[in-house]
Each structure stands twice: as C-alpha cells, then as structure tokens.
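A short write-up of the structure that comes next.
The values are calculated or read from the model by the stated rules, or taken from the named source; none is laboratory data. In this text, all values refer to a predicted model and were calculated from it rather than measured experimentally. With ideal geometry, Cβ positions are generated from the backbone for all residues, glycine too; neighbour counts draw on all protein chains shown. Side chains included, ligands, DNA and RNA excluded: accessible areas come from the protein's heavy atoms. Shrake-Rupley method; radii C 1.70, N 1.55, O 1.52, S 1.80 Å.
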Amino acid sequence: MESLIKDIFTNVMEGQAGAVKEKVQAALDAGIEAPVILNEGMIAAMAEVGRLFEEGEYYVPEMLISARAMQAGLSVLKPHLVASDVKSAGKVAIGTVKGDLHDIGKNLVAMMLEGAGFEIVDLGTDVPPEKFVEAARDGAQIIAMSALLTTTMPSMKTTIEALTEAGLRDKVKVMVGGAPITDDYARQIGADGFSPDASRAVAKAKELVAA
Ligand code: B1M
C-alpha cells in the first residue's frame with residue numbers, strides 16, 4: 001500500500017503521466033482511499049516540485065510535466081472524489097485570476113464543489129475582473145477566485161472592486177483561495193470567505209450560500 005503511494009509521489013515528480021494513471025488505479029483497486037492518494041501521493045509531490053523549483057533544481061518545463069502528470073492522475077481519481085449526487089446546492093463561477101495560469105488547485109476545488117451538488121461555471125485561467133463580473137450578472141451566487149502567485153493576488157481585490165462598481169457586490173458571495181492566500185488577506189480585501197484547501201472550500205461554499 002505504502003509503496004503505491006510512494007510510486008505515485010515519484011511518478012508525479014518525474015512527470016510520468018501514464019505511470020501515474022496506472023498507479024492511481026492500482027491504489028484504488030488496493031482499497032486506498034481517494035483523499036489519501038490525492039494528499040499523500042499527488043499534492044505532496046507537487047509541494048516537493050515547488051521546493052525543487054525554489055532551489056533551482058527544477059525549471060518551468062519540469063513543473064509543467066509534473067502538472068500534466070498530476071492532471072492525468074486526477075482524471076482517474078475524479079469519480080472517487082465526487083461521490084455525492086445532491087443537485088443544485090448553488091451556482092459557482094470559478095477561475096484563476098488575471099495573469100495566473102495555475103489551474104490544478106482551481107480544478108480540484110471545482111471538482112469537489114461539483115461533487116457536493118454545486119453547478120459550476122469554470123472560467124478557466126487568466127480571468128480578468130470583467131469576466132467574473134459577467135458571471136455574477138449571469139446569476140452565479142458565488143464568485144470563486146484562485147491565485148498561486150503573490151504577483152496575481154491583487155487581482156482578487158480588483159475583481160471585488162469591479163463587482164462593487166457594477167452594483168453586484170451585495171448580490172454575490174466572494175470566496176478566495178490558493179497557496180499564498182490567507183484568512184487575513186481575504187478579510188483585508190473584503191472577500192466573504194477563504195478556504196485553505198478543496199475539501200474545506202465545499203463547507204465554506206455551503207455556508208456562504210446559506211448565509
Ligand atoms: Co508555478 N509557481 N509558476 N507553475 N508552481 C508556484 C506557485 C511557486 C510557489 C513555486 C515556487 O517558487 N516554490 C511559485 C510562486 C511564487 C510566488 O508567487 N510566491 C511559482 C512561480 C514563480 C511560477 C512562474 C512565475 C515561474 C516562471 O515562469 N519563472 C510561472 C508563472 C506562470 C503564470 O501563472 N503566469 C509558473 C508556472 C507554472 C507552471 C505553468 C509550469 C505549472 C502550473 C501548471 C498548471 O497549473 N496547469 C506550475 C506549478 C505546477 C507550480 C507548483 C510547483 C505546484 C502548484 C500546484 O498545482 N499545486 C507551485 C509550487 C507550490 O504550490 N508548492 C508553483 C498543487 C495544488 C493542488 O495546490 O494550487 O495550492 P494549490 O491548490 C490547493 C489550495 O491552495 C487550495 O485548494 C487546493 C487543493 O487543496 N485552493 C483553493 C486553490 N485555489 C483555491 C480556491 C478556493 C479555495 C481553495 O476558493 C475559490
């Protein structure tokens with residue numbers, strides 16, 4: 001069991017998408033729970049990739065192939081992470097903010113929300129404030145923004161300001177997250193909610209819709 005998780009960790013780090021898919025399936029077949037495979041195998045590997053990048057041992061291409069391997073593993077894991085079939089918990093428009101191309105965390109959050117019955121409008125990456133505003137106008141109850149770069153975090157504030165300017169701020173809830181985002185930062189920019197990870201994002205979204 002442990003060696004399968006270790007293999008997944010190593011294969012994500014080495015960017016071996018085919019092997020990751022195979023090992024994730026083998027781990028599921030062996031009865032290892034999907035959140036364990038995700039957190040201890042795949043997310044842990046991405047953290048290690050980040051560390052190696054910081055130390056100058058990995059470069060952007062290595063990060064990219066690891067990201068592809070992680071996405072490949074997620075495609076196998078998805079049905080096991082989104083088990084629930086409750087419908088219409090609310091409508092969420094989610095995207096990675098302007099200037100930011102990181103989408104693995106955003107995709108995970110979207111996946112978990114979908115599994116909890118939320119209708120998801122995925123705006124993709126590099127989403128400018130006006131696109132979030134448009135989504136709010138189209139009836140999204142929650143605007144969910146992800147940012148992975150300290151340089152792109154300010155776009156969350158700009159988007160909240162754009163929602164206010166469009167007269168929509170009191171009609172939607174704003175939820176933010178991503179590695180550099182904190183509860184304090186969320187409060188500082190006037191967001192309604194923050195979550196440090198995808199599973200807590202579901203609880204937070206439910207809370208925001210109920211409020
Ligand atoms: Co980049 N990158 N990257 N990168 N990358 C980081 C973020 C970095 C921390 C690496 C490092 O230096 N250690 C660093 C940022 C430093 C900083 O700003 N402080 C960095 C950098 C510098 C860059 C470039 C600038 C590099 C360059 O070009 N010189 C460049 C920027 C490109 C751009 O966006 N404009 C760049 C590019 C890339 C790739 C394209 C190669 C690739 C992304 C591919 C992709 O996403 N499709 C990439 C990757 C893979 C990473 C790391 C290694 C992994 C990110 C990841 O997917 N983690 C990352 C290092 C790290 O994070 N330790 C790094 C796994 C994922 C599941 O976690 O996204 O944090 P995460 O999501 C979590 C939570 O944060 C939360 O839930 C998720 C799961 O529980 N969450 C939310 C996320 N969004 C949420 C929203 C919510 C709620 C919770 O509500 C709405």
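Using a cut-off of 19 Å between Cα atoms, the listed pairs Lys23/Lys78; Lys131/Lys206; Lys78/Lys98 include Lys131/Lys206; Lys78/Lys98 as exceeding that distance.
DSSP beta bridges fully contained in the chain are about 0 percent antiparallel.
Calculation over all alpha carbon pairs of the stretch 2-83 in 10 angstrom steps from 0 returns a P(r) of 21, 54, 21, 4 percent. Annotation: amide H of Gly90 within the under-5 Å range of Glu119, sequence separation 5 or more or interchain, hydrogens built in the peptide plane. Search the structure for amide H atoms under 5 Å from the amide H of Ala116, placed 1.01 Å from N in the peptide plane, and list their residues when 5 or more places away or on another chain. Distant-sequence amide H within range of Ala116: zero hits. Taking amide H as placed 1.01 Å from N in the peptide plane, the amide H of Val174 sits under 5 Å from that of Ile143, Asp192, Gly193, each at least 5 places away or on another chain. What the phi angles of the stretch 149-165 give under the Karplus curve with 6.51, -1.76 and 1.60, with θ = phi - 60°, is a coupling list of 10, 4, 6, 9, 3, x, 5, 5, 5, 4, 5, 4, 5, 5, 5, 5, 4 Hz, glycine and proline written as x.
Please list Lys157, Lys91 in order of solvent-accessible area, largest first, computed with a 1.4 Å probe with all protein chains present.
Numbers: Lys157 95, Lys91 45 Å².
Largest accessible area first, the list is Lys157, Lys91.
Atom-type composition of the exposed protein surface of the stretch 2-83 places 55 percent of the accessible area on carbon and sulfur (1.4 angstrom probe). Straight-line cross-link reach from Lys204 at under 19 Å between alpha-carbon atoms covers these aspartates and glutamates, not counting any fewer than eight positions away in the same chain: Asp85, Glu114, Glu119, Asp122, Asp170, Asp183, Asp184, Asp192. Taking θ as phi - 60° and the Karplus parameters 6.51, -1.76 and 1.60, the scalar couplings of the stretch 202-211 work out to 5, 4, 5, 5, 4, 4, 5, 5, 6, 5 Hz in sequence order, x denoting glycine and proline.
In the stretch 91-210, the ratio of gyration radius to Kirkwood radius, Rg to Rh, stands at 0.91 when only Cα atoms are counted.
Here the scattering of the chain is modelled by Debye summation over its C-alpha atoms, one equal scatterer each and no solvent; at q = 0.11, 0.12, 0.15, 0.18 Å⁻¹ the log10 of I(q)/I(0) is -0.53, -0.62, -0.93, -1.22.
Note on Lys21: aspartates and glutamates with a C-alpha under 15 Å away, same-chain residues under 8 apart excluded, are Asp7, Asp29. If we count every other residue with Cβ under 10 angstrom of Gly177's Cβ, Lys/Arg +1 and Asp/Glu -1, where does the sum land? Once positives and negatives cancel, what remains is +2.
Let me know the shape class of the stretch 94-152, please: from the alpha-carbon gyration tensor, a ≥ b ≥ c as square roots of the eigenvalues, rounded when a/c is under 1.5, otherwise prolate if a/b is greater than b/c, or oblate.
Oblate is the answer for the stretch 94-152, as a/c is 1.5 or above yet b/c matches or exceeds a/b.
Where only DSSP H runs of four or more residues are counted, the chain gives -16500 deg cm²/dmol as its mean residue ellipticity at 222 nm, each run worth -39500 (n - 2.57). Over the stretch 2-83, accessible surface divided per residue gives 53 Å², non-protein components excluded, 1.4 Å probe.
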